[in-house]
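Below: the structure, in structure tokens.
The values are calculated or read from the model by the stated rules, or taken from the named source; none is laboratory data. Keep in mind the model is a prediction, meaning the values are calculated, not measured. Note: ideal-geometry Cβ built from the backbone for every residue, glycine included; neighbour counts use all protein chains shown. All accessible areas refer to the heavy atoms of the entire protein, side chains included, with ligands and DNA or RNA removed. Shrake-Rupley method; radii C 1.70, N 1.55, O 1.52, S 1.80 Å.
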Amino acid sequence: MHHLPLFADLQNRACLIVGGGAVAERRATLLLAAGARVHVIAPELRTQPLAELAAAGQIAHQAKSFDEGSLAPYWLIVAATDDRALNARIAAAAAAAQRFCNVVDDPALCSFIVPAIVDRAPVTIAIGSRGLSPVLARWIKGLIETLLPQRLGVLAELAGTWRERVRAAIPDADERRHFWERVVNGEVAEHTFAGRHADAERALEHRIAAWADDEREHSGEAYLVGSGPGSPDLITLRGRQLLAAADVVLYDRLVSPEILSFARRDAELISVGKTPRRPSITQKQLNRLLVQQVQAGKRVCRLKGGDPMIFGRGGEELEALAEAGLRFQVVPGVSAAEGCAAYAGIPLTLRGVSQGVLLTTGHTQDESDAAFAQFRPGQTLALYMGVAQYSEIGAALLAHGHDPGTPVAIVENGTTDRQRVIRTVLGKLSQANAALDIRPPALLIVGETTRFAERYSWFEPSKVEIFGDEPSRTRARVSY
């Protein structure tokens, strides 16, 4: 983040614009809307609206050239001339006077940027691009405008009117936040957006009166959320909503900081990830922590990589919650097998090539052997985890009669900008692992559909590597 977003209270504060053209007119209009006292320094005012503002006494015009001694009375400075050398002088003088300065269309000289604005007063949304692409910022503004009700500001005013009464009725800060979340997502908001102000007031009063007696409003709840295989784009909308609503987030080691940034800034973030061959929280300890937090009345997001119900031990955590009689929700995620295969251009099933998918892990020898015994030609095998056991996995599959020339692919850091796709054959899996320094997180895919990785490659295709003489230099293709 290059700029810190903040909102300046300019009510009755003097601000200076240097320049008398169309750009100065736009900045003057914006500053007046914010309640500022606008002063303009320019030899002349070159637009009719700007001259009319000066004639009406809405702006103060000083008909002179800029000089460096002019800045002391002003909170903000705007350089809006068409002379870059003059704009640079203004910016340097503002820096010397420790005043924030915006130089229109010259971000390198700016100490603050004027964002694109969505105005639902008192709700204000600012969108910036560090001055690099105002067109993009305006496009985002247009997108947001279509999503927000026009009467959103009325709802904010209603909440402000009732704020102290709600504070008195619901002293606990967490409960109070839960109450307001219900308000902005329920009938009070709907009445407000429809212009039914009296109905909104009555609904709000009823909700306050009923809050103390509604046991469900005070009880905690757990959200088992799949964050997807790595890319922050791949968490579901529902997953993001519940993550943003949580008081506490218990997150796995592979959940990225970008995904964690979707949580509230005041949420408690607790890492419960397990690191191979290092001391880590046990599953029993994790279950106990989850139950304790929910029993304390917290909304707890148990954030897992991939899908929580596919090798995520989600069932064990649900059992602990159910045994304690606690409420929970489950939000599925894009699994590692789905995400990594898709981003590597590998179909898990393909008509005429693979009619089934077998998912297993490389961690538990007995379970892996049972899965390998079920794996047949015409299927795809996806192995989670177990990078350190690739030699044993390759040997076990060969021992079950699979051809050493069976194509395989390894997808490392799938769906992220660090993704690497390695193609080889089963007989060289152990050599590839050692030679190419493959590291977790990685997914191993075994089967004929891995041959299509190059043909269907679309994401970071330059990172597809071939190990050995396989996977043939003949081009994989299927016709229907």
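Determine if segment 446-464 includes at least one residue that is closer than 24 Å to Gly356 by Cα, open to solvent by less than 10 Å² (accessible area, probe 1.4 Å) and either part of a strand (DSSP E or B) or free of Cβ contacts under 8 Å to residues at least 60 places away in the same chain (or both).
yes
Give segment 94-149 a look and list any residue that's outside any loop (DSSP other than H, G, I, E, B), of a type in the set (S, T, N, Q) and crowded, with 16+ Cβ neighbours inside 10 Å, or say none.
Listed by number, the list holds a single entry, Asn102.
Looking only at strands (runs of 3 or more DSSP E) that fall completely inside segment 28-93, which ones have 2 or more residues that are in contact with a strand residue (DSSP E or B) (Cβ under 7 Å, 6 or more places away or on another chain) and open to solvent by 30 Å² or more (accessible area, probe 1.4 Å)?
Strands (runs of 3 or more DSSP E) meeting the threshold: 37-41, 59-62.
Considering only residues that are part of a helix (DSSP H, G or I) and surrounded by 14 or more Cβ atoms within 10 Å (Cβ to Cβ), which ones fall in segment 167-183?
Scanning segment 167-183 gives Ala169, Asp174, Glu175, Arg176, Arg177, His178, Phe179, Trp180, Arg182, Val183.
Going by what's in this entry, would Arg202 be described as without any contact (Cβ under 8 Å) to a residue 24 or more places away in the chain, within 15 Å of Gly333 (Cα to Cα) and surrounded by fewer than 21 Cβ atoms within 10 Å (Cβ to Cβ)?
Taking the combined requirement at face value, the residue does not satisfy it.
Val23 passes all but one of (1) in contact (Cβ under 8 Å) with a residue 24 or more places away in the chain; (2) crowded, with 19+ Cβ neighbours inside 10 Å; (3) not in a loop (DSSP other than H, G, I, E, B); (4) not hydroxyl-bearing (Ser, Thr, Tyr); which number fails?
(2)
Within segment 311-327, is even one residue farther than 14 Å from Ala382 by Cβ, hydrophobic (A, V, I, L, M, F, W, C), without any contact (Cβ under 8 Å) to a residue 12 or more places away in the chain and open to solvent by 20 Å² or more (accessible area, probe 1.4 Å)?
Yes, the conditions are met somewhere in segment 311-327.
So which strands (runs of 3 or more DSSP E) are wholly in segment 354-425 and hold at least 2 residues that are open to solvent by 50 Å² or more (accessible area, probe 1.4 Å) and not hydroxyl-bearing (Ser, Thr, Tyr)?
The strands (runs of 3 or more DSSP E) meeting that bar are 357-361.
Sort out which residues of segment 275-310 are open to solvent by 70 Å² or more (accessible area, probe 1.4 Å) and not in a loop (DSSP other than H, G, I, E, B), and write them in order of number.
Lys284, Gln285, Arg288, Gln292, Gln295
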